[in-house]
Amino acid sequence: MSLLVVGSVALDSLETPFGRREDVLGGSASYFSTCASFFGPTRVVAVVGEDFPEEHVRFLGSRGIDLAGLVRRPGRTFRWKGRYEFDLNTAHTLDTQLNVFATFQPELPAHYRDSEYVFLGNIDPDLQRAVLDQVKGPRFVGCDTMNYWITSKRESLLRTLERVDMLFVNDAEARQLAGEHNVVKAARKILSFGPRAIVIKRGEYGALFFSGDEVFAACAVPLASVFDPTGAGDSFAGGFMGYLARCGGHDHATMRRAIVLGSVLASFTVEQFSLDRLRTLTPEEIRSRYAEARTLAHFDELEADLFNGSGTPR
């Protein structure tokens with residue numbers, strides 16, 4: 001099955017308690033497509049500047065990613081600079097330079113227009129709908145957004161949500177979008193906006209899935225080493241959508257497995273800076289950690305004699 005991602009390819013400068021890196025490969029489409037590529041072919045639509053290193057293009061191409069939609073424009077590549085304290089769940093933005101990304105107008109190559117699975121990265125909701133207008137008849141559309149678009153272009157975002165199957169947001173974004181403090185109430189309200197499912201990403205605490213009356217909670221894989229959480233959410237979405245496209249279905253059971261696999265891919269991403277851990281990651285390591293995640297979530301059925309006659313545990 002064909003999978004398309006539209007988003008950013010960027011150069012990041014990062015600072016965490018464990019080190020610093022300058023001008024490393026970043027951007028939502030970079031993380032997403034690399035993680036999705038473990039499950040099948042992925043198509044990328046993004047823009048970079050004249051200064052974007054060719055070595056990064058070669059790396060993405062080596063993953064079997066179709067880069068016909070990666071265009072190079074005069075000017076500088078989108079750059080983001082951020083810092084993390086010991087609470088790695090919160091990124092402090094130090095500098096954002098949109099550069100060529102500021103005038104990004106996604107144009108899909110002709111052979112991209114039959115993509116059956118589409119992921120709309122965190123870009124202007126007007127552009128997200130412009131992408132959907134170019135795709136003939138996708139089977140499943142996933143979408144990401146952020147607090148900036150929720151605040152500045154809410155009505156446009158709501159029009160986009162009417163056309164997507166699943167929304168990926170963190171818990172703060174879900175609360176903001178729904179105007180509800182309780183995450184469960186927020187998810188229910190967001191579903192009324194149009195998506196038939198929502199995944200709420202909760203960082204080191206895992207993820208929550210809501211669809212109709214279905215609720216699923218996936219725990220995160222406990223890690224001894226977390227160096228850089230940048231791109232974890234996009235890695236999660238890449239693993240999720242990559243597995244969905246590989247299976248060619250999106251029933252609840254498939255999506256539950258996809259959520260766990262998304263968490264597994266994100267857990268590898270944060271172990272090193274940028275996409276460095278993904279460069280050496282193997283399918284065998286993914287399978288092993290997926291099995292570990294299943295073990296973490298497993299428990300036995302309630303035994304009939306667990307409670308005594310008074311209803312209290314023995």
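Quick note: the coordinates plus some simple rules give every number you see, no bench work behind them. Note that the coordinates shown come from a computational prediction; the quantities given were computed from them, not determined experimentally. With ideal geometry, Cβ positions are generated from the backbone for all residues, glycine too; neighbour counts draw on all protein chains shown.
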Next item on the list: Please report 299, 168 as a ranked list, fewest other C-beta atoms within 10 angstrom at the top and most at the bottom.
Entry: 299, 168
Notebook entry, point to check: Contour minus end-to-end for residue 205 and residue 103, with contour as 0.36 nm per residue of separation and end-to-end as the Cα-Cα distance?
Noted result: 33.1 nm
Margin query: Can you tell me the length gained on complete extension of the stretch residue 252 to residue 280, counting 0.36 nm per residue apart and subtracting the Cα distance?
Written below: 7.0 nm
Next item on the list: Quote the FRET efficiency, to the nearest 0.05, computed for residue 87 versus residue 50 with a Förster distance R0 of 51 Å and r equal to the Cβ-Cβ distance.
Entry: 0.85
Check: What is the gain in length, in nm to one decimal, between residue 296 and residue 163 on full extension, counting 0.36 nm per residue of separation less the C-alpha to C-alpha distance?
Finding: 44.3 nm
Item checked: Tensor-based shape of the stretch 1-82 (alpha-carbon gyration tensor, a/c under 1.5 rounded, otherwise prolate or oblate) -> oblate
Next item on the list: For each of 156, 225, 267, count neighbouring Cβ atoms within 10 Å of the residue's Cβ, then give the residues from fewest to most.
Entry: 225, 156, 267
Notebook entry, point to check: Once you put a point 7 Å from the Cα of residue 219 and another 7 Å from the Cα of residue 180, both along the Cβ direction, what distance in nm separates them?
Noted result: 2.6
Checklist line | For the stretch 3-297: rounded, prolate or oblate by the Cα gyration tensor [a/c cutoff 1.5] | finding: rounded
Notebook entry, point to check: Which chymotrypsin sites (Phe, Trp or Tyr not before Pro) does the stretch 11-93 hold that lie in a coil by DSSP with at most 12 other beta carbons within 10 Å?
Noted result: 86
Notebook entry, point to check: Considering only DSSP beta bridges with both partners in the chain, what is the antiparallel share in %, to the nearest 5?
Noted result: 40
Note to self: Quick check: pseudo-label points 7 Å beyond the Cα along Cα→Cβ at residue 139 and residue 22, how many nm apart are they?
What the structure shows: 4.7
Next item on the list: Any chance you could check the Cα centroid distance between the stretch 1-66 and the stretch 107-125 for me, in angstrom?
Entry: 16
Checklist line | Rounded to 10°, Cα long-axis angle of helix 125-134 versus longest principal axis of the chain | finding: 80
Checklist line | Under the Karplus curve 6.51 cos²θ - 1.76 cosθ + 1.60, θ = phi - 60°, whole-Hz ³J(HN,Hα) for the stretch 56-61, x wherever Gly or Pro sits | finding: 6, 4, 5, 4, 4, x
Checklist line | Anisotropy class of the stretch 61-173 from Cα gyration tensor, a/c 1.5 cut | finding: oblate
Next item on the list: Determine, for 90, 269, 254, the number of other Cβ atoms within 10 Å of each Cβ, and report the residues in order from fewest to most.
Entry: 90, 254, 269
Item checked: Percent RCO, i.e. relative contact order, over the chain, from Cα pairs under 8 Å lying at least 6 residues apart -> 17
